[in-house]
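Enquirer: Dumping the structure here so I can ask a few things about it.
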Amino acid sequence: MQNYFIAGTDSGVGKTYVTCALLRDICAAGIDAMGYKPVACGARSEARDIREAAGRCSYSLESINPVYLRTQAEPIMAAELEHAVISRSALVEGYEKLASAHQLVLVDGTGGWETPLAPGLSMADVAQALALPVILVADNRPGAASAVLLTLRAIRSRGLSCAGVVLNHIGEEWSTASVTNARVIHELTGLPILAEFIHGQDYIDATEILV
């Protein structure tokens with residue numbers, strides 16, 4: 001099976017939530033899978049969620065999340081405040097170690113596509129270095145189509161392919177946009193809508209997505 005980079009149109013759209021749902025399903029099918037969170041700021045809860053979803057509670061957080069910064073801020077500023085260094089080579093090396101040990105690895109990006117990590121380095125640079133197909137997660141709300149189109153353009157400008165879009169309905173209320181976003185995005189991009197998460201859904205048929 002193919003490894004993927006899970007990107008988001010913005011922070012807080014549910015990248016880790018989707019990553020964990022995919023991991024739970026694929027691991028339940030007997031596939032040796034793991035998630036990778038290159039950079040985390042403020043808390044390490046997302047790395048813990050990934051570890052739990054993969055059913056490997058004894059796995060070290062450092063191998064899943066090599067760069068952890070306690071400051072809740074953009075990584076570039078958190079690293080400066082904590083006198084830490086974020087390097088592309090180290091993040092790529094962390095991925096390669098997991099990829100060599102498991103059948104499948106899902107890389108859970110940090111923040112939006114161009115989240116700044118260090119001077120001259122963004123999360124998009126890391127995604128480009130990994131050269132993985134991208135699964136794009138968007139909050140299923142008004143404005144989702146625009147956010148997907150802008151992020152997709154940036155993804156393709158890096159020479160990367162996008163396997164499809166996951167719409168994650170974060171809020172409880174539905175709007176006309178929430179109901180029609182899937183059709184609009186598919187028609188405008190030609191990309192498949194891989195899944196539509198309703199509010200509170202924590203399961204997904206990963207075998208239909210991770211091919």
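The values are calculated or read from the model by the stated rules, or taken from the named source; none is laboratory data. Everything numeric in this text was worked out from a predicted model, so none of it was measured. Heads up, the Cβs are rebuilt from the backbone with ideal geometry, glycines too, and the neighbour counts pull from every protein chain shown.
Yes/no per residue for (1) touching a Gly at 6+ places or on another chain (Cβ under 8 Å); (2) among the aromatic types (Phe, Trp, Tyr):
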site	(1), (2)
TYR4	no, yes
GLY12	no, no
TYR17	no, yes
GLY30	no, no
TYR36	yes, yes
VAL39	no, no
ILE50	yes, no
SER60	no, no
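Enquirer: If the Cβ limit is 6 Å and pairs must be 6+ apart or interchain, which residue in the stretch 43-67 that is at pLDDT below 95 pairs with which residue that is of a type in the set (S, T, N, Q)?
Expert: The qualifying pairs do not exist here.
Enquirer: Looking at (1) surrounded by 13 or more Cβ atoms within 10 Å (Cβ to Cβ); (2) without any contact (Cβ under 8 Å) to a residue 40 or more places away in the chain, which one does ARG183 not meet, given that it meets all the others?
Expert: Failing condition for ARG183: (1).
Enquirer: Only one of (1) modelled with pLDDT of 95 or more; (2) part of a helix (DSSP H, G or I) is not met by LEU160, so which one is it?
Expert: (2)
Enquirer: Which residue pairs have Cβ atoms closer than 9 Å, lie 6 or more positions apart in sequence or on different chains, and pair a first residue in the stretch 127-152 that is on the phi > 0 side of the Ramachandran plot with a second residue that is in a loop (DSSP other than H, G, I, E, B)?
Expert: These pairs meet every condition: ALA131/GLY159; ALA131/LEU160.
Enquirer: Could you check how many residues of the stretch 21-54 are in contact with a Ser or Thr (Cβ under 8 Å, 6 or more places away or on another chain) and closer than 16 Å to THR115 by Cβ?
Expert: To start, the set of residues in the stretch 21-54 that are in contact with a Ser or Thr (Cβ under 8 Å, 6 or more places away or on another chain) comprises 25-26, 29, 35, 37-42, 46, 49-50, 53.
Subset that is closer than 16 Å to THR115 by Cβ: 37-42, 46.
Counting residues in the stretch 21-54 that are in contact with a Ser or Thr (Cβ under 8 Å, 6 or more places away or on another chain) and closer than 16 Å to THR115 by Cβ gives 7.
Enquirer: Could we say that VAL184 is aliphatic (A, V, I, L, M), modelled with pLDDT of 90 or more and over 28 Å from ALA54 (Cα atoms) here?
Expert: Taking the combined requirement at face value, the residue satisfies it.
Enquirer: Can I ask one more? Mind checking whether some residue in the stretch 138-146 is farther than 20 Å from ASP49 by Cα, out of contact with any helix residue (DSSP H, G or I) (no Cβ under 9 Å at 6 or more places or on another chain), surrounded by 15 or more Cβ atoms within 10 Å (Cβ to Cβ) and not small (Gly, Ala, Ser)?
Expert: No, there is no match, as no residue in the stretch 138-146 is farther than 20 Å from ASP49 by Cα, out of contact with any helix residue (DSSP H, G or I) (no Cβ under 9 Å at 6 or more places or on another chain), surrounded by 15 or more Cβ atoms within 10 Å (Cβ to Cβ) and not small (Gly, Ala, Ser).
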